[in-house]
1. Somewhere in segment 19-29, is a residue open to solvent by less than 30 Å² (accessible area, probe 1.4 Å), over 12 Å from Ala57 (Cα atoms) and in contact with an Asp or Glu (Cβ under 9 Å, 6 or more places away or on another chain)?
2. Got a sec? Which of Val115, Val109 is touching a strand residue (DSSP E or B) at 6+ places or on another chain (Cβ under 7 Å) and of a type in the set (A, V, I, L, M)?
3. Of all residues in segment 126-137, how many are open to solvent by 50 Å² or more (accessible area, probe 1.4 Å) and either modelled with pLDDT under 95 or within 21 Å of Val222 (Cβ to Cβ) (or both)?
4. Condition first: assigned to a loop (DSSP other than H, G, I, E, B) and open to solvent by less than 20 Å² (accessible area, probe 1.4 Å). Now tell me which residues in segment 141-196 satisfy that.
5. Is it fair to say Val7 is within 14 Å of Leu81 (Cβ to Cβ), assigned to a strand (DSSP E or B) and under 14 Å from the mean Cα position of the chain (by Cα)?
6. Could you list, ordered by first residue, the pairs with Cβ atoms under 6 Å in which the first is in segment 31-56 and closer than 11 Å to Leu219 by Cβ and the second is outside any helix (DSSP H, G or I) and open to solvent by less than 10 Å² (accessible area, probe 1.4 Å), at least 6 apart or interchain?
7. Of these, Val115, Val169, Val123, Val176, which one is of a type outside the set (Phe, Trp, Tyr), at pLDDT 95 or above and over 19 Å from Glu190 (Cα atoms)?
Amino acid sequence: MPERVTVDVGDVALSVLVHRCPAPRLPPVVLVHGTGADARTWDAAVAGLVPDRDVHAVDLRGHGASGRTDVYSVATMAADLAALLRSVPGPADVVGHSLGGLVALRAAVAGPDRVRRVVLEDVGLLHPRPSDPPPRPDYDPGFDWRVVEQVRPEVDSPAADWPEVLAAVTQPLLVVAGGPLSFVRAEHVEELAAIVPDGRVVTLGTGHEVHLGAPGAFLDAVRSFLDPAPARRTT
């Protein structure tokens with residue numbers, strides 16, 4: 001059973017589900033969900049990762065059991081994640097879905113010594129797009145709706161420094177794309193991977209939530225990237 005741990009990262013306390021491996025042989029993994037989700041979205045992936053490493057699945061601020069605040073942005077969430085990574089024996093591998101991927105990118109640049117490899121799930125280079133935010137539901141969505149109100153404009157009108165952020169990523173990076181069923185355009189995924197010095201793409205035709213639509217294939221892609229087989233010796 002996972003242990004729920006609270007980590008104080010400044011103005012908010014993050015809730016983290018920590019899945020312990022009895023005898024880890026590989027670096028820990030930190031999993032970062034997308035907007036509206038929480039740490040439990042990764043349960044299937046955790047089952048395939050924890051046999052040989054510790055897995056830390058975080059609830060971002062405003063989500064799950066983490067604290068709610070007045071301010072939400074990619075930058076504040078990235079600062080949260082960077083602080084969390086300093087508490088994880090590492091360097092760690094980071095896997096981020098959608099918003100969690102944007103957060104992971106900025107955290108990897110802010111603390112390169114704490115991040116070994118990065119996996120982005122269906123994330124592309126942000127481009128300006130017409131603003132069409134979803135309406136606030138008339139029921140409790142299970143997370144702080146101010147996240148949508150404050151972060152969605154950052155996605156619709158992205159900061160000008162995103163190409164610089166990507167170019168500063170020193171870690172090997174994999175994007176697991178959702179293919180034509182996703183609203184994230186393939187050319188934007190390729191653009192992102194091309195800017196990162198050591199970036200690559202694998203596409204699974206599942207739509208945006210790859211880890212839920214094809215959990216086995218997603219896990220295979222992640223594991224093969226995080227744990228590349230040692231090169232065979234030649235005689």
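The values are calculated or read from the model by the stated rules, or taken from the named source; none is laboratory data. Owing to the predicted nature of the structure, the values given are computational and were not obtained by experimental measurement. Backbone-built Cβ (ideal geometry, glycine too); neighbour counts: all protein chains shown. For the accessible areas, the whole protein counts, side chains as well, though only heavy atoms, and no ligand, DNA or RNA atoms are used. Shrake-Rupley method; radii C 1.70, N 1.55, O 1.52, S 1.80 Å.
1. To start, the set of residues in segment 19-29 that are open to solvent by less than 30 Å² (accessible area, probe 1.4 Å) comprises 19, 21, 28-29.
Filter once more, keeping what is over 12 Å from Ala57 (Cα atoms): 21.
Now narrow it down to the ones that are in contact with an Asp or Glu (Cβ under 9 Å, 6 or more places away or on another chain): 21.
Yes, segment 19-29 contains a residue that is open to solvent by less than 30 Å² (accessible area, probe 1.4 Å), over 12 Å from Ala57 (Cα atoms) and in contact with an Asp or Glu (Cβ under 9 Å, 6 or more places away or on another chain).
2. Details: Val109 fails: touching a strand residue (DSSP E or B) at 6+ places or on another chain (Cβ under 7 Å).
Testing whether each residue is touching a strand residue (DSSP E or B) at 6+ places or on another chain (Cβ under 7 Å) and of a type in the set (A, V, I, L, M) leaves just Val115.
3. Residues of segment 126-137 open to solvent by 50 Å² or more (accessible area, probe 1.4 Å): 127-136.
From what is left, the residues that are either modelled with pLDDT under 95 or within 21 Å of Val222 (Cβ to Cβ) (or both) are 129-136.
Qualifying residue count for the region: 8.
4. Looking only at segment 141-196, we keep the residues that are assigned to a loop (DSSP other than H, G, I, E, B), and these are 141-142, 144-145, 157-161, 168-172, 178, 182-185, 196.
Within segment 141-196, Asp144, Val169, Gln171, Gly178, Ser182, Val196 qualify.
5. Details: within 14 Å of Leu81 (Cβ to Cβ): yes; assigned to a strand (DSSP E or B): yes; under 14 Å from the mean Cα position of the chain (by Cα): no.
Here the answer is no, as Val7 does not meet what is asked.
6. From segment 31-56, the pairs are Trp42/Leu31; Trp42/Ala57; Val46/Val55; Leu49/Val29; Leu49/Val55.
7. Just one listed residue meets the conditions, Val115.
Listed here are the residues, each with its yes/no results for (1) in contact with a Ser or Thr (Cβ under 9 Å, 6 or more places away or on another chain); (2) more than 28 Å from Leu125 (Cα to Cα); (3) part of a loop (DSSP other than H, G, I, E, B).
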site: Leu26; (1), (2), (3): no, yes, yes
site: Gly34; (1), (2), (3): yes, no, yes
site: Thr41; (1), (2), (3): no, no, no
site: Tyr72; (1), (2), (3): no, no, yes
site: Leu85; (1), (2), (3): no, no, no
site: Val95; (1), (2), (3): no, no, no
